Amino acid sequence: MQTARKLSHTVLALIAFAGNSLLCRAALQHTSIDAISFTSVRLIAGALTLWLLEQLTRRGASGRGNWPSALALFAYAAAFSFAYLRLPTGTGALLLFGAVQTGMISWGLVKGERFSPVQWLGLGLALAGLVGLLLPGLSAPPLGAALLMVSAGLAWAVYSLRGKGAGDPLRVTAGNFLRTVPVALVMSLLFIHSAQLDTAGALYAIASGAITSGIGYALWYAALPHLKATSAATLQLSVPVIAAVGGIVWLGEPLTLRLLLASLAILGGITLAIRQRRQ
């Protein structure tokens, strides 16, 4: 029973992470909501959900969040939304994940971490996959949107690196989400003249914030203590795959040879780097 619960927490969390890409792409493609409004509603819904979960389960835990991390979180969420105005779901998720993991691995290198030949091979393969995905061609994603998603991934990498040792993950995440709310409201006011908010788009954004972000993070943090570090990092490789399959099945997006080859290079390279790093 305990093993089944851990497994269900892990699987649901990974589906939730992929669900963020699917919900954002569906909202911006099939409803009239604009990217800023989607971002604001998502962050507010996530903040409320995480605050409630934190109050119910983490009253005595340490950690409160901080403004630099909150700004990195907002930068990720905003760039993520604007990128999905033009990117297919699977391509966006792959660029996001590739940028996050490549950024974090590269930071270890900058900080003096020694890389083995296999790690260098893995990092080079992942970077080659990212570059190959962005090269001009009929099936290439729009460059501006792709760079926005890479920026979102790097912002999330900064957020993740800043969160190490900051305290209880759920409590810290709740505090950071709450700090993004005033920033999101100010941005919404600045661009109120171009705001478009409809019921369907708002519901997608609420689901993204409350369910696939808030509850998804809570499930992941519940599963993490029972996972080895290497297993946790490797399991996240499934997120772009789940997102791509979801985009094909539910949003009718094509599976291109470029995306397939880039996925193999990026995810395979990161697998090599992560597993060697953990060992």
Here is a list: Leu185, Leu237, Leu251, Leu259. Which entry is crowded, with 17+ Cβ neighbours inside 10 Å, within 29 Å of Val41 (Cα to Cα), touching a residue at least 12 places away in the same chain (Cβ under 8 Å) and touching a Ser or Thr at 6+ places or on another chain (Cβ under 8 Å)?
Leu237
Number of the exception - Trp107 against (1) in contact with a Phe, Trp or Tyr (Cβ under 8 Å, 6 or more places away or on another chain); (2) of a type outside the set (Gly, Ala, Ser); (3) surrounded by fewer than 21 Cβ atoms within 10 Å (Cβ to Cβ):
(1)
Checked against (1) assigned to a helix (DSSP H, G or I); (2) under 18 Å from Gly167 (Cα atoms), Leu23 satisfies every condition except (2)
Looking at (1) surrounded by 15 or more Cβ atoms within 10 Å (Cβ to Cβ); (2) assigned to a helix (DSSP H, G or I); (3) hydrophobic (A, V, I, L, M, F, W, C), which one does Ile33 not meet, given that it meets all the others?
(2)
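Each row is one residue, and each column tells you yes or no for (1) under 20 Å from the mean Cα position of the chain (by Cα); (2) more than 20 Å from Arg25 (Cβ to Cβ).
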{"position": "Val181", "(1), (2)": "yes, yes"}
{"position": "Phe191", "(1), (2)": "no, yes"}
{"position": "Gln196", "(1), (2)": "no, no"}
{"position": "Ala202", "(1), (2)": "yes, no"}
{"position": "Ile211", "(1), (2)": "yes, no"}
{"position": "Ala222", "(1), (2)": "yes, yes"}
{"position": "Leu227", "(1), (2)": "yes, yes"}
Of these, Leu134, Leu123, Leu85, which one is under 20 Å from Phe17 (Cα atoms) and hydrophobic (A, V, I, L, M, F, W, C)?
Leu85
Give Gly46, Gly103, Gly108, Gly90 a once-over and let me know the one that is modelled with pLDDT of 95 or more, touching a helix residue (DSSP H, G or I) at 6+ places or on another chain (Cβ under 9 Å) and either among the small types (Gly, Ala, Ser) or not in a helix (DSSP H, G or I) (or both).
Gly46
Confirm whether Asp168 is of a type in the set (Asp, Glu) and more than 28 Å from Ser106 (Cα to Cα).
no
Go over the candidates Phe82, Phe115 one by one and state the one that is out of contact with any Ser or Thr (no Cβ under 7 Å at 6 or more places or on another chain), surrounded by 15 or more Cβ atoms within 10 Å (Cβ to Cβ) and not in a helix (DSSP H, G or I).
Phe115
In segment 49-65, residues that are more than 30 Å from Leu28 (Cβ to Cβ) and either modelled with pLDDT of 85 or more or crowded, with 19+ Cβ neighbours inside 10 Å (or both) total 4
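Let's see how each residue does on (1) within 30 Å of Ser139 (Cα to Cα); (2) free of Cβ contacts under 8 Å to residues at least 40 places away in the same chain:
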site	(1), (2)
Gly19	yes, no
Ala26	yes, no
Ile33	yes, no
Ser40	no, no
Leu48	no, no
Leu52	no, yes
Arg64	no, no
Met104	yes, no
Val110	no, yes
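If I ask for residues that are free of Cβ contacts under 8 Å to residues at least 12 places away in the same chain and under 16 Å from Ile44 (Cβ atoms), which ones from segment 151-182 would you list? Talk me through it step by step, then tell me what you get.
The first filter runs over segment 151-182 and keeps only residues free of Cβ contacts under 8 Å to residues at least 12 places away in the same chain, leaving 164-165, 182.
Listed by number, the list holds a single entry, Pro182.
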Output the residue which, of all residues in segment 111-143 that are modelled with pLDDT of 80 or more and small (Gly, Ala, Ser), is nearest to Ile274 (Cα to Cα).
Gly122
Tell me, yes or no, whether segment 193-216 has at least one residue that is without any contact (Cβ under 8 Å) to a residue 24 or more places away in the chain and outside any helix (DSSP H, G or I).
no
Which numbered condition Ala140 misses (of (1) among the hydrophobic types (A, V, I, L, M, F, W, C); (2) part of a helix (DSSP H, G or I); (3) closer than 26 Å to Gln29 by Cα)
(2)
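The values are calculated or read from the model by the stated rules, or taken from the named source; none is laboratory data. Bear in mind that the values here come from a model prediction, so they are computed numbers and not experimental data. We place every Cβ from the backbone using ideal geometry, glycine too, and count neighbours over all the protein chains shown.
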